[in-house]
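J.: Once you've had a glance at the structure underneath, I'll fire off some questions.
The values are calculated or read from the model by the stated rules, or taken from the named source; none is laboratory data. Since this is a predicted model, take the numbers as computed values, not measurements. Here the Cβ positions follow ideal geometry from the backbone for every residue, glycine too, while neighbour counts run over all protein chains shown. Protein only, heavy atoms only, side chains kept; ligands, DNA and RNA dropped before computing areas. Shrake-Rupley method; radii C 1.70, N 1.55, O 1.52, S 1.80 Å.
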Amino acid sequence: MKERSIKKEKAEGVTSLKPHKRLGKTITPTNPETGITVKSTISLSVENKKSHELFRIIALFITAFLGCFGTIYGFINMFSINLYGAISGFFFMVFFLFFASVFVMPKKGLLLLLPAFAVYEYLLSQNWELYITGFQHTVNKMFYKINDTTVDYFTVSDNISKTDSVTVFFIFSSFIMIMLICYFSISRNSSLMSIFVTFPLVEIGLYNGFSPAYPYMFMIIAFWVASYVLSNSSYNEYAGKSPANFVRKGNNFYSKPNIKLKVNDISAVLAIAIAIIVLTASYIAVTLLNYQRSQNINDMRYNIKTAAEDFSWEDLKGSLENFLHAINANSVVNNQNGRINQNGNVKIKNRTDMIVTFDTNPMANVYLKNYVGSVYTGDSWDKLPDSTYKQYSEMFDSMKAANIYPQVFDMFMETKFTNPLRSINVNIEMTAKGYKSNFVPYNSLNQNNSFKFSEDTYISLPDKDNYQFEMITNSGFAKNDWDEFVTEADFEEYQKIQSQYADFVYQNYLTVPDNQYMDEIRNAYSDVLVAPENNDESDFLMIMTSGISTGFAEGYSVDADNFCYYINGNQYKLDDHNMNDMVVLSQIKNRLSQDAVYSLSPGKTPGNRDYVNFFLMENHKGYCEHFASAGVILARMAGIPARYVEGYVVPMSEITSNNRTENGDYRVEVKDNLAHAWTEVYVNGCWQPFEFTPGYSNGTTPEKENESLMTSESTSNDETKKPSSSESSSQRNETRDEPNRETNTSTSSTSETSKSSGGSSYSLNRPNASLRNSVTYAVIIILAILIIAVAALAIRRKYANSEREKAFLAKSAKTSTVNAYNYIINLLDFDGISSKNMQHLEFAEFAENNTGFFEKGEFLKAVSIALKASMSSHSITEEEHQYITELALRLAHDIYAKQTKLRKLYMMYISNLI
Amino acid sequence: MIKQKIAYLILLIVAICFFVLYEDLLSFILLISLIAYPLAMLAVFSIVKKRCTAAISAECQSCLKNRDIVVKVNMKNRTIFPVPNTVLNLKFSNSLSENSEKVSFLIPWHANKNESLKTVISSKCCGKLVMKIENICIYDYIKLFKFKIKPQNPTAAVIVMPDVYPLDAVISNSLHENHESDSYSKIKSGDDPSEVFNIREYSEGDKINRIHWKLSSKTDKMMVKEYSLPITCNTLIMPELILNNTCTPDDFDSFMDTLASLSQFFAENNTMHTVMWYDSSSNNIINYTVDGTSDSALMLRKLLSSDAYHDKRYVLDNYLLDELSGKYAHAIYLTFDADETAVSQFSSVYPEVRKTIVTFSKNIVFYNDETEIINVKSGFIQESFSEFVL
């Protein structure tokens, strides 16, 4: 059989002297026990093997092309970005062929990168404006798609063609992207870095629920697989460092990439082919089988997402439990916890979150309160900080001592002895698991002291899955003895505490952020924030009895004769103060109903915008969270303490005879569409639920399951309806005309000043108009990247020097000697003296004769010592170790001195050789 | 490979999370692809495994100690799938000293090609060096599965010949006197007047009674007769290839060097001799008569192909039991350690036979009046036999 050896394949290998990192043990090459010596001469020959170079290049090109094309065009496809396909495609191919060729070529080909970068920098500076505009258009396009909106993230000048600028942006960006992908897939064979470079672009879309068309995605996956195969099938650690084609450690020989060439590359191509076949087959199978995700999976997805959003380090145990429940349980209730800008659109799953049973029909909407948000941050409602509560610790201590908390103030009404009352037993059974707090109806009795009060917000019970309340309500049926519930002594204590708590409320529940967004709202709604001066009692009674404008959430009735009104059985006498409050609240509610429409798909508020401001001044669409938040802000601006509440509402319309059980109870399955947010206002000495959301009139709720758009009773159903008020309209126009408003992404702090409404304000990090210029922003980013890059290089150099020092001072003299020798090899390699295809001793002679760095026999001695350290069982003397170390350091100095300034920098910071 | 398996498991977990967290169909396709890809690899490499063969061979059948032996592993992959990761484990063992060395290679395996890997070994000890493909494993492209290839020809052997030292010993004439022989040396003259070895011209110092008077008168030159040297097979060499725990490769090497040197010495001195040893693989006592130096080499090659043993002294036992052994005038018993029992047993039989024990003990050597004992020190073979009459 005729056998023809190929030079590069037939590798006469000698052992690399570098210590083996993958094997923990050292094996002596020649075993004195056995007398058998395995020599380091290895050759691998292949019969009839033709030149493989072209195959290799083609294989590498295919791999890199899949990565570049899949990633860049996948991104374009994912966000439907419009650009000139022919021009961008042409440049894509030019860049790809250039970089792929450069990285396929030996090291000197890399020099071509320098002029290429120079040209790139020059052209970029010439087209900077186009580039930035293209970037802004691209971001806007992504923003539209991700947030399902038409609102711009950046305000972009119309002077520059959108397609032109986007094309330019992609041409310049693809230059960098292609370079990185080609470098990591061709030159470095690093699967990890290949994935790091490409994955983020895909992830941007995937995270937001978009994926590229399948062919692109398949290409990217195939690229990842190929990168993985390439990086896993060679002994890359020594690539280009040692003259040998095999690396030896003891009696283990590892072939290096250059000996594997065709095998590796063809394997990668076959791996790609198999990956694409598998992906395509999977796609066909999934399509043919008409696969649909199960509801359980969707629920789990939702639950995990919710658990992730609720995660907090403060309650790590609870957070982890949430995750476990999310994985195990079928469903977890909707739990926003004040994060009002989480969902642009509300998706109703028609899932039963809890079952509520009443023994008597309450004849009113029943609000089940859960989360209370007190501090508005621009995109969430947070709790009052602990420090605030600490300031009032004395008051809360006295509440604790008396066991009377603001959560049950509504039980202590003046009318307690005269008003007909009745109690309703309410049972709540959670079907969604993992909820760590309770849903509590208003006017609940603290039976057997089972309530646990959290400051002035929550009530919790020991059982979170199934719990009961006795709810006091006025339904006009029977009159019970009030003493059954509250004693005279309790009442006196209540009055004392209530008086103290009122101060707390007015100090803390009137604050709104001190920023321009709030100012805009205040200006736009100034007319509804005060009661009309000529308001009289009859006007008020008209408002109160209209049944439309009043927002009180629970059952109310008016006694015009006695000049009082009832809310859920509690009688409120009208005086100037509360009358004004009622009028203002009604005005706000009416105005909100006019200005905004109820929609379950209002889109997400841009990250650089204030949630309430965007809702009131621009978007004019929203659901309960929008209306409740806006209501709280406007009420506070009007000097009425208010706060944001989340929970469920059981509408009166759901509590019908159809829901009665055999024993006469009313059993209501509370589905996720009844999750709700509302406002609590502090009137008449207690917190009362108040509805600013249109459609939540007493006894009804919007039909969320069937409609994504709801309007208030007084407005039309047109989602695109604009406010009729000319004043509001002009306000909005002013907002839109404000320069650079939408481009602001940076933040600045505002001063902490007191508001006229009597409450203290707090600082908030909000965008600063001076930094809204996108060019400045881009420059800052580039500068930041440069600084990070320089810092990274410096840290890398420091680390490399430290590692080298450690290597020279290794515990084992043999190891440190070998390290020093490898350092010498690397230094010579840097200076262009390659030891490739030469035996060590041969190379030593060559280096001595051709470099001028060594005296005769000097390097030869060093090589002999290194070979002894690597191969022999004899130990290395201190003198020998010192000799080779000193030689290495001297050589480093000599080679450094010989270099040009640029090469010196390269040696210091890129090669990290000195 | 465990690293790759862990990586795959992590990837699978990520894919499952991805499937749960992302609603798009893509997440499901990715998940089932991730499960199907290893299965595809399993299928492909199951075929590759069946169509891959390997065989080992050496480029020589015998060689000297410390000389390079080129070992060649021929590998054939009859599929279109190259294998980037092949682990080839070779084992080199000396069948006499029972020492072995293992070597591992991580190499690529080309598709549809004959590929050969050559490596070079050497042995400083003599014996039969057996080269074996211990196992050959291929890995799939993502290194999740390992497949063992059954080698076509898993073993090869090379005989490493012992060194021969010229012995400064003397052949005893008494051996020839006591035993008649029908064979004569073809290369060396002797004193047996019954057979003429050569006729040549007279040279100074030749005995007068060797002059061939008739021929001298015919040729007009003084011609003399050379008588032949009778060759007798009166020497029996008995190497006992028994190993004990203290026996090092160097000891074994000295043992074989001594045997080779003795045989060569006798051959060079035209002393036909018989070498008797036990081949544990065939469970036979082998008697090999050496007549000349080429015979000596053949004998050594055959002997080195035999395996060593541990349990008992087969050669000594055979000598004691086999009456034919008594026909030899001189019996030389080579053993690593000559304990008291062995020495006394060997001495107690065939009183008319001269007996010599060559031992390599480092410690005590038992002396016996009936038997000569030579204790050979490792590396001092020549000195051990200096001036010794064999």
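J.: From the set of residues in region B:346-370 that are among the polar types (S, T, N, Q) and over 22 Å from residue B:245 (Cβ atoms), which is modelled with the highest pLDDT?
T.: By that ranking, first place goes to B:356.
J.: Criterion first (modelled with pLDDT of 80 or more and out of contact with any Ser or Thr (no Cβ under 6 Å at 6 or more places or on another chain)) does residue A:882 satisfy it?
T.: Here the answer is yes, as residue A:882 does meet what is asked.
J.: Scanning region A:873-893 for residues that are surrounded by fewer than 16 Cβ atoms within 10 Å (Cβ to Cβ) and polar (S, T, N, Q), which turns out farthest from residue A:852 (Cα to Cα)?
T.: Step by step, filter region A:873-893, then rank; the result is A:873.
J.: Another one. Can you pull out the residues in region B:143-156 that are open to solvent by less than 50 Å² (accessible area, probe 1.4 Å) and more than 9 Å from chain A (Cβ to nearest Cβ)?
T.: Those that are open to solvent by less than 50 Å² (accessible area, probe 1.4 Å) and more than 9 Å from chain A (Cβ to nearest Cβ): B:144, B:147, B:149, B:151, B:154, B:156.
J.: Please state which one of B:30, B:9, B:39 is assigned to a helix (DSSP H, G or I), within 10 Å of chain A (Cβ to nearest Cβ) and without any contact (Cβ under 8 Å) to a residue 12 or more places away in the chain.
T.: Just one listed residue meets the conditions, B:39.
Yes/no matrix, rows are residues, columns are (1) part of a helix (DSSP H, G or I); (2) out of contact with any His (no Cβ under 8 Å at 6 or more places or on another chain); (3) closer than 15 Å to residue A:907 by Cβ:
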position	(1), (2), (3)
A:782	yes, yes, no
A:787	yes, yes, no
A:802	yes, yes, no
A:807	yes, yes, no
A:817	yes, no, no
A:828	yes, yes, yes
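J.: Name every residue in region A:460-500 that is basic (Lys, Arg), farther than 20 Å from residue A:356 by Cβ and at pLDDT 75 or above, in order of residue number.
T.: A:496 - this is the single residue of region A:460-500 that is basic (Lys, Arg), farther than 20 Å from residue A:356 by Cβ and at pLDDT 75 or above.
J.: Conditions: (1) open to solvent by 10 Å² or more (accessible area, probe 1.4 Å); (2) in contact with a Gly (Cβ under 8 Å, 6 or more places away or on another chain); (3) more than 7 Å from every other protein chain (Cβ to nearest Cβ). Residue B:124 meets all but one. Number of the miss?
T.: Single failed check for residue B:124: (3).
J.: Just to verify a result, which residue in region B:127-142, among those that are more than 7 Å from chain A (Cβ to nearest Cβ) and buried (at least 22 other Cβ atoms within 10 Å of the Cβ), is nearest to residue B:73 (Cα to Cα)?
T.: B:133
J.: Quickly run through region A:615-651 and pick out the residues that are part of a helix (DSSP H, G or I) and under 17 Å from residue A:339 (Cβ atoms).
T.: Those that are part of a helix (DSSP H, G or I) and under 17 Å from residue A:339 (Cβ atoms): A:615, A:624, A:625, A:626, A:627, A:628, A:629, A:630, A:632, A:633.
J.: While we're on this one: Would you confirm, using the coordinates I've provided, whether residue B:164 is touching a Ser or Thr at 6+ places or on another chain (Cβ under 8 Å), open to solvent by 10 Å² or more (accessible area, probe 1.4 Å), more than 9 Å from chain A (Cβ to nearest Cβ) and under 30 Å from residue B:272 (Cβ atoms)?
T.: Yes, satisfied.
Conditions tested, residue by residue: (1) open to solvent by less than 50 Å² (accessible area, probe 1.4 Å); (2) outside any helix (DSSP H, G or I); (3) touching a Pro at 6+ places or on another chain (Cβ under 6 Å); (4) among the basic types (Lys, Arg).
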{"position": "A:125", "(1), (2), (3), (4)": "no, no, no, no"}
{"position": "A:129", "(1), (2), (3), (4)": "no, no, no, no"}
{"position": "A:132", "(1), (2), (3), (4)": "yes, no, no, no"}
{"position": "A:136", "(1), (2), (3), (4)": "yes, no, no, no"}
{"position": "A:139", "(1), (2), (3), (4)": "yes, no, no, no"}
{"position": "A:150", "(1), (2), (3), (4)": "no, yes, no, no"}
{"position": "A:158", "(1), (2), (3), (4)": "no, yes, no, no"}
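J.: If you don't mind, there's one more thing I want to ask. Going through B:118, B:91, B:76, B:72 one at a time, which residue ends up being at the interface with chain A (Cβ under 7 Å from one of its Cβ atoms) and part of a strand (DSSP E or B)?
T.: B:118
J.: Here is a check on your reading of the model: is residue B:44 touching a helix residue (DSSP H, G or I) at 6+ places or on another chain (Cβ under 9 Å), part of a helix (DSSP H, G or I) and either buried (at least 16 other Cβ atoms within 10 Å of the Cβ) or facing chain A (nearest Cβ under 8 Å) (or both)?
T.: So residue B:44 passes the test.
J.: In addition: Considering only residues that are out of contact with any helix residue (DSSP H, G or I) (no Cβ under 8 Å at 6 or more places or on another chain) and facing chain A (nearest Cβ under 7 Å), which ones fall in region B:94-106?
T.: B:100, B:101, B:102, B:103, B:104, B:105, B:106
So that you can scan it fast, the table gives a plain yes or no per residue for (1) modelled with pLDDT of 70 or more; (2) open to solvent by 20 Å² or more (accessible area, probe 1.4 Å):
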| position | (1), (2) |
| --- | --- |
| A:292 | yes, yes |
| A:308 | yes, yes |
| A:335 | no, no |
| A:340 | yes, no |
| A:343 | no, yes |
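J.: For region A:199-233, what are the residues that are at the interface with another protein chain (Cβ under 7 Å from one of its Cβ atoms), open to solvent by less than 10 Å² (accessible area, probe 1.4 Å) and not in a helix (DSSP H, G or I)?
T.: Result: A:233, single match.
J.: Tell me whether region A:193-207 contains one or more residues that are among the acidic types (Asp, Glu) and touching a residue at least 24 places away in the same chain (Cβ under 8 Å).
T.: No, region A:193-207 has no match at all.
J.: Being free of Cβ contacts under 8 Å to residues at least 60 places away in the same chain, open to solvent by 30 Å² or more (accessible area, probe 1.4 Å) and under 20 Å from residue A:898 (Cβ atoms) is true for just one of A:848, A:855. Which residue is that?
T.: A:855
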